[in-house]
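Asks: Take a look at this one; I'll ask things after.
The values are calculated or read from the model by the stated rules, or taken from the named source; none is laboratory data. Computed from a prediction, not measured in an experiment: that's the story for all the values here. Glycine gets a Cβ as well: all are built from the backbone with ideal geometry, and neighbour counts include every protein chain shown.
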């Protein structure tokens with residue numbers, strides 16, 4: 001018995017020396033049942049015993065500090081989600097199959113997802129509830145956090161134990177831990193919180209364990225959301241700033257560096273000279289303007305903190321301003337010299353609307 005125990009101790013030591021915090025995942029995988037895995041997890045991570053020190057201070061993600069920490073924990077400080085708006089991705093062409101549990105016929109993961117900044121594993125978390133009440137979640141999973149998708153998805157295709165973006169479904173009233181996984185994409189970059197674009201891999205019997213989807217799910221490189229100003233108004237398709245409603249008329253998207261709107265097909269946000277100022281306006285994308293008052297080459301935009309700016313060297317010191325015309329009773333938008341920390345020059349882009357602006 002003593003020798004067997006010594007061998008176990010040596011194996012544990014070797015795993016943690018070679019794998020770091022990821023060694024716990026391999027120890028748990030060696031157990032046959034979920035109950036045994038939970039016992040191993042508790043042995044190394046729990047703070048409820050005084051006989052040894054838990055590994056929580058050194059492996060907070062592995063010990064699930066983000067999800068399970070409490071105010072009484074000594075070593076595990078719970079991470080807080082931020083309230084900064086962030087844009088949502090759009091899932092297209094996804095076909096899912098019922099696996100682990102049946103899905104309603106009307107359920108679908110396709111559509112634009114809400115974004116929660118720093119929502120999981122220090123990355124954005126995205127979710128969408130469909131017409132059947134099923135909640136679809138896109139999140140970044142890691143081996144060190146003992147996330148099931150990172151550890152197991154794609155294991156028969158050489159993709160186990162790799163950080164991944166995953167898509168899983170939770171039925172109405174179901175606990176998230178019983179969610180079914182359907183798609184995944186290996187994360188090639190960790191320096192950006194943005195979700196992986198392109199074609200995702202389906203969870204399949206040949207790649208993982210079960211057929212839960214078919215090939216075809218796609219996330220484009222666009223970012224979707226609402227532009228809300230520091231004064232609490234929203235940009236509308238006519239490029240005026242009005243009270244926020246969350247209606248499609250206020251829904252924009254970035255395509256590369258251009259800003260577009262579904263109601264202005266084929267056009268990109270640009271600027272137009274008139275009355276001594278540069279006003280925001282729509283102009284045909286990727287071409288010269290047919291109207292001399294538009295300036296060509298001014299269709300690239302970016303957010304610098306809370307400043308919405310044009311990626312054009314001539315206008316590097318200018319930002320989008322929400323300007324109220326007292327005679328018209330309307331808030332227009334124009335490109336003006338930047339004034340930091342002034343509400344009418346601050347813009348936030350994200351989906352959904354910030355809670356305090358939701359109708």
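Asks: Keeping to the stretch 115-124, report how many residues are at pLDDT 95 or above and within 17 Å of residue 147 (Cα to Cα).
Replies: Adding up the residues that qualify gives 0.
Asks: Restricting to the stretch 74-114, name every residue that is modelled with pLDDT of 95 or more and not in a loop (DSSP other than H, G, I, E, B).
Replies: 88, 90, 91, 92, 95, 96, 111, 112, 114
Asks: If the requirement is being modelled with pLDDT of 95 or more and over 29 Å from the mean Cα position of the chain (by Cα), which of these qualifies: 332, 351, 294? Even if it seems obvious, please write down each step before you answer.
Replies: On the way: 351 fails: over 29 Å from the mean Cα position of the chain (by Cα); 294 fails: modelled with pLDDT of 95 or more.
Checking each option against the conditions leaves just 332.
Asks: Failed condition for residue 155, given (1) touching a strand residue (DSSP E or B) at 6+ places or on another chain (Cβ under 9 Å); (2) over 23 Å from residue 350 (Cα atoms), with all others met?
Replies: Only one criterion is unmet by residue 155, namely (1).
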